[in-house]
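Step one of this worksheet: look at the structure below.
Throughout, read-outs are computed from the coordinates displayed, never taken from laboratory work. Everything numeric here is computed off the predicted structure, so don't read it as measured data. Cβ atoms come from the backbone with ideal geometry, glycine included; neighbour counts cover every protein chain shown.
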């Protein structure tokens, strides 16, 4: 009987080995739910936008087709190129300001606040405004920057200026100011997370080697903070490129962006033209993100 049982067990071994999956196959099976969710909610909408961008349209409806006229009109118009340049201008200015402000805020929280509890409290204070709508926080600048607003009234009462400053509101300055206010925290958070991971013994070693405070900052802190800066840059760039409400409200309709142009096209039921602009804008953003990822390796932060 023992021999028969042993033979039976040996006969089962190949079957058990055949049912075993390789580690790579197990990894793919574990990632299947995430792939399905991303495919349905992310890749499928993008694919639909790309398909619609080749359709024909008029005031009556949309007509499935394969036409390149939407891309020809988009890329062949000087107005479109000027709008893209204006959007890139806003992106560059807002990115530079949020990077400087975000780095110093994160640096102060990480290295000048000793207690972890105090760091968390101050960080939460920074996030409190984000508990309200972006529209409300943006519109709150209007009574501050308006012709009879707080800034102009204070300057006139102090005798600094004889008449209100007109360009404080409904201008590119107001657009940039509102965007910096809205998106600085998206730069602070990843940089703060990166700075908190830096080994403090590196600072002591640098000072023992005779480095000054600025040398420690330039040669130790900033190089180690680059992954956080890169992640914050990706956040800010994508948010600014896709923002239309801030440009529309804070410029008073005197400035334009690609996202605002797409919003106007959709309001006129020009969905294929808006889809073509969306595809081009997505390509531009992906190229910018790819350039950032080639310069800075952010895998250590993920």
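Quick notes on this structure:
- Of the residues 295, 240, 249, the one with the fewest other Cβ atoms within 10 Å heads the list, and the complete ranking is 295, 249, 240.
- Taking the C-alpha atoms only, the angle from helix 258-267 to the longest principal axis of the chain is near 90 degrees.
- Mean Cα-pair separation over length for the chain, i.e. relative contact order, pairs under 8 Å, 6 or more apart, %: 25 percent
- Computed [θ] at 222 nm, deg cm²/dmol, the chain (DSSP H ≥ 4; -39,500 (n - 2.57); rounded to nearest 500): -21500 deg cm²/dmol
- Fewest-first sequence of 243, 172, 297 by Cβ atoms within 10 Å of each Cβ: 297, 172, 243
- Segment 191-242 and segment 148-179 have Cα centres lying 35 Å from one another.
- Cα gyration tensor shape of the chain, rounded if a/c is under 1.5, else prolate or oblate by comparing a/b with b/c: oblate
- Ranked for footprinting exposure by Cβ neighbours inside 10 Å, fewest first, 177, 124, 282 give 124, 282, 177.
- In the chain, the longest principal axis of the Cα atoms and the axis of helix 185-196 are about 50 degrees apart.
- Degrees, to the nearest 10: 78-107 long Cα axis against longest axis of the chain: 80 degrees
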